[in-house]
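Notes follow the structure.
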Amino acid sequence: MLVIIVFLLTMSFSVALAQESQSNTIQPPPEKDFDQSSYVNVIATALTFLQPRTLDEHSIKQLCLWGLNGLNAIDPSLSVKEEKGLLNLYKVQNIIYSTPLPTTPDNIKLWSQSVVTIWSNAWKNSTTIQSVGAQGIVQAFFDELFDHLDPYSRYVAPSSATTDRDTRDGGEASAGISVIKQGNFFIISSINPNGPSWETGIATGQRLYAVDGKRTAKQSIDTVSKWLRGKEGSPLTLTVGSSTRKRTKVIRIKREAVPPATVFAFTSDNIVMLKVTAFSTDTAEEISQYLDQATQDMKIKGLIIDLRGNRGGVLQQAITSAALLLDNGIAATTQGRYDDANHIWAVQGGDLTKGIPIVILVDGHTASAAEILTAALSDHKRAVVIGSTTLGKGLVQTIAQLPDNGELFVTWSRVLAPLGWPLQGLGVMPQICTSRGEQFVTKQINALKNPPSFYKENVVASRKARPPLDAKTIQTIRSACPAALGTDADLTVANMLILKPALYKQALDLIPNE
């Protein structure tokens, strides 16, 4: 998911909302009643945020009429129709409530009140509506509304939104390590570079023998994980050691709330591989720390960034990650109706790796922020991309927190790669395609040894595509390297290219010049 985080805690309106709205927190409605006041505030806040930000312009009236179809999705006997200046609520073929249409199509206060009044009357006349509860009505409203916009805009209910916010912002405090169970022992499988354990000397592969003096042997993975979590700032002792030595070491730390680790590092033959699972608020910092550590510890031959299965995340983190590996240039451009949605994302500062070969692994599930990083490094000829054509999610969402503590994810801009081609629908075409089988890979490698490459025209066609693109054009371009899951061949080809500079350079040159 590609997002710019914008928290909309309180909205001010030129015309006051209904005076009876007293609280920004929704309480469960009484069994046979519907609390209108707080929902007017939720809808008004949502509409105020939505209208100027959607990719295409729609009136408040249109947004509300779309959303009111959600009642029919819950109870097919109900329908809402605009007729002769009236907003009519039908049950089967009978009008059970009627109210005048608001005098202007963009009066947020009046349309919000009309929507909630329709809801209230539907509640009184339908046990099916009552059975889903007020939150079900709100969810259906936004589901129907967003069904008319794009595939990624959505409403997230308060309970799920709170969990998502905790994940983005850190959530419950912990030791910042992950463990796996092997036999009776617990092994430290990863260490969050932003967590409290990172600089303590703890290493992956060590055994975790005790937590706060409690032995981990014969415990369940859930029990040990629970021991590692607790109140932020609370003290914690970890007893660790190797499998070959009897001596153990006691580490004392304080729990911290940090986002889950998204970057995992592996090294083989002085080639560093970073597996990036998502782009959260600390992903670029994690990449930076691993690269700093690796460049200090060894003479790196090359870097492999594995983005297979990475569905994206925070846009700025993709841009910042690109800045770690580019000396300068445009990483991406975003375009939308709202002023803040239009941006040229330029980077400068310097390549932390000082020009070492970089290979990026992608597959058909690589999306969003992961595609932005891939396109940025590929278009600047800073990395060779290996795998299959990526998902093609080039739309950016911004987030609003509503008075009910739910969230709106609203698509407000489209992403263009540095060379000007659209990510949406098209995806990133790799320089080395592995999704068409081993023989095709061999044919491509042989063509790199004796250029020009037969495959180059496919890569060039993808980079010269310009929006808007129709579905047939997109399908034709993508068919040259069909989207697929990654395989072991991706890593094999990546290591070969890093160890053979001439082939690596030929693969870079498949990208057309700016």
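The values are calculated or read from the model by the stated rules, or taken from the named source; none is laboratory data. Everything quoted here is computed from the prediction, not taken from an experiment. Cβ placement follows ideal geometry from the backbone for every residue including glycine, while neighbour counts extend to all protein chains displayed. What goes into the accessible areas is simple: the full protein's heavy atoms, side chains included, and nothing from ligands, DNA or RNA. Shrake-Rupley method; radii C 1.70, N 1.55, O 1.52, S 1.80 Å.
What the table shows:
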| read-out | value |
| --- | --- |
| Among (1) at pLDDT 90 or above; (2) open to solvent by less than 30 Å² (accessible area, probe 1.4 Å) - the single one Arg252 does not satisfy | (2) |
| Selection status of Ser114, open to solvent by 40 Å² or more (accessible area, probe 1.4 Å), touching a residue at least 12 places away in the same chain (Cβ under 8 Å) and more than 19 Å from Leu149 (Cα to Cα) | no |
| Per-region count, the stretch 313-360, residues part of a strand (DSSP E or B) and in contact with a His (Cβ under 8 Å, 6 or more places away or on another chain) | 3 |
| Qualifying residue in the stretch 283-291 (condition: under 21 Å from Leu361 (Cβ atoms), of a type in the set (Asp, Glu) and open to solvent by 60 Å² or more (accessible area, probe 1.4 Å)) | no |
| Any hit, the stretch 358-378, residues being more than 19 Å from Ala278 (Cβ to Cβ), open to solvent by 10 Å² or more (accessible area, probe 1.4 Å) and not β-branched (Val, Ile, Thr) | no |
| Residue list for the stretch 344-364, restricted to those being within 25 Å of Pro467 (Cβ to Cβ) and touching a residue at least 60 places away in the same chain (Cβ under 8 Å) | Val362, Asp363, Gly364 |
| Cross-chain or 6+ apart pairs with Cβ under 9 Å, the stretch 369-396 first and over 25 Å from Arg154 (Cβ atoms), then of a type in the set (Phe, Trp, Tyr) | Ala376/Trp345; Asp379/Trp421; Val384/Tyr504 |
| Hits in the stretch 62-87 - residues which are touching a Phe, Trp or Tyr at 6+ places or on another chain (Cβ under 9 Å) and surrounded by fewer than 18 Cβ atoms within 10 Å (Cβ to Cβ) | Ser77, Ser79, Lys81 |
| Residue selected from the stretch 105-161 under the condition touching a strand residue (DSSP E or B) at 6+ places or on another chain (Cβ under 8 Å) and of a type in the set (D, E, K, R), by the criterion nearest to Gly394 (Cα to Cα) | Asp150 |
| Test: residue in the stretch 205-219 that is more than 30 Å from Leu50 (Cβ to Cβ), modelled with pLDDT of 90 or more and in contact with a Lys or Arg (Cβ under 8 Å, 6 or more places away or on another chain) | yes |
| Single residue of the stretch 155-175 satisfying the filter (assigned to a strand (DSSP E or B) and among the hydroxyl-bearing types (Ser, Thr, Tyr)) that is modelled with the lowest pLDDT | Ser174 |
| Subset of the stretch 305-330 [more than 27 Å from Thr487 (Cα to Cα) and touching a Lys or Arg at 6+ places or on another chain (Cβ under 7 Å)] | Leu326 |
| Residue satisfying all of: in the stretch 330-351; surrounded by fewer than 17 Cβ atoms within 10 Å (Cβ to Cβ) and farther than 20 Å from Trp412 by Cα; modelled with the lowest pLDDT among these | Gly349 |
| Checking Asn310 against (1) under 30 Å from Phe49 (Cβ atoms); (2) part of a loop (DSSP other than H, G, I, E, B); (3) open to solvent by 10 Å² or more (accessible area, probe 1.4 Å), the condition it does not meet | (3) |
| Lone qualifier among Gln219, Gln139 - being closer than 28 Å to Asn69 by Cβ and open to solvent by 30 Å² or more (accessible area, probe 1.4 Å) | Gln139 |
| Breaking point among (1) at negative phi; (2) open to solvent by 60 Å² or more (accessible area, probe 1.4 Å), for Ala265 | (2) |
| Glu286 vs. criteria closer than 22 Å to Arg308 by Cβ and in contact (Cβ under 8 Å) with a residue 60 or more places away in the chain | yes |
| The lone exception for Ser178 - which of (1) in a strand (DSSP E or B); (2) at pLDDT 90 or above it fails | (2) |
| Strands (runs of 3 or more DSSP E) wholly inside the stretch 51-152 that include at least 1 residues being out of contact with any Pro (no Cβ under 6 Å at 6 or more places or on another chain) and of a type in the set (D, E, K, R) | 78-83, 86-91 |
